[in-house]
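Reading through the structure tokens given below for one structure.
The values are calculated or read from the model by the stated rules, or taken from the named source; none is laboratory data. No experiment lies behind these values; they were computed from the predicted model shown. Cβ: placed from backbone, ideal geometry, glycine included. Neighbour counts: every protein chain shown.
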Amino acid sequence: MKALITTLLTIGVSILAGCAEPEPRITPRPKINWNDVQSIASAISVQRDDLKKTTNFRGPNSSKGILDTVLLRAWKSDEGGGFSYQIYVIDFYHGDWHFYDTASDSKGNNLVIKLNSRDVSSCDYFTCGHQEHLGIDVSQEYLEKNQENGIVFKVSGKGGEETFNVPSTYIKAFLSVAK
């Protein structure tokens, strides 16, 4: 009787295991050499949107923080061929909301900031993790002026502030693709 139960359990487990889907293979992203313009340029995504009649450019995440995001993105319209550029930031932090509403760079320039969203990532008994998604509109001329030294900027709000960096090699690579 014991052998019969063991055999039936083994067959049942085998049948169920056969129903399981294999784990999808995740293609690792190529390692980016942040000191090499060509390496960064090869990681920039270019996508065409035929409905909006635009071409979208999105650079890789250059943030040194594990959960933060800092990247450049741009849109080129078919009508008139004009570009719109943006520094896109997702800041992850714990504690109270920062309520970001201003941004300025290391040269004292005030930058136009747009809040895309605020999200609660997770909470425990003591605190919550928050994310604020921000778009900072910049011009091609602004990027060209800062491509030799990079851009250091600070976002601030009534609950906190954070400093971010867009390296010079990243700006050069992005401008070489988004043209």
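Scanning region 75-99 for residues that are closer than 25 Å to Ser168 by Cα, in a strand (DSSP E or B) and out of contact with any helix residue (DSSP H, G or I) (no Cβ under 8 Å at 6 or more places or on another chain) gives Trp75, Lys76, Ser84, Gln86, Ile87, Tyr88, Val89, Ile90, Asp91, Phe92. Set side by side, the residues Gln147, Gln131 differ, and just one is within 24 Å of Ser45 (Cβ to Cβ) and either out of contact with any Asp or Glu (no Cβ under 9 Å at 6 or more places or on another chain) or at pLDDT 95 or above (or both), which is Gln147. Within region 142-158, identify whether any single residue is assigned to a helix (DSSP H, G or I) and touching a Ser or Thr at 6+ places or on another chain (Cβ under 8 Å), and answer yes or no. Taking every residue of region 142-158 in turn, none turns out to be assigned to a helix (DSSP H, G or I) and touching a Ser or Thr at 6+ places or on another chain (Cβ under 8 Å). Inspect region 96-114 for any residue being touching a residue at least 24 places away in the same chain (Cβ under 8 Å), under 25 Å from Asn33 (Cβ atoms) and touching a Leu at 6+ places or on another chain (Cβ under 6 Å) and give the result as yes or no. Checked region 96-114: no residue is touching a residue at least 24 places away in the same chain (Cβ under 8 Å), under 25 Å from Asn33 (Cβ atoms) and touching a Leu at 6+ places or on another chain (Cβ under 6 Å). Within region 151-164, the set of residues being of a type in the set (S, T, N, Q) and surrounded by 15 or more Cβ atoms within 10 Å (Cβ to Cβ) comprises Ser156 only. In contact with an Asp or Glu (Cβ under 7 Å, 6 or more places away or on another chain), surrounded by 15 or more Cβ atoms within 10 Å (Cβ to Cβ), in contact (Cβ under 8 Å) with a residue 12 or more places away in the chain and not aliphatic (A, V, I, L, M): is that true of Asp68 in this structure? Considered against the rule, which asks whether it is in contact with an Asp or Glu (Cβ under 7 Å, 6 or more places away or on another chain), surrounded by 15 or more Cβ atoms within 10 Å (Cβ to Cβ), in contact (Cβ under 8 Å) with a residue 12 or more places away in the chain and not aliphatic (A, V, I, L, M), Asp68 comes out as yes.
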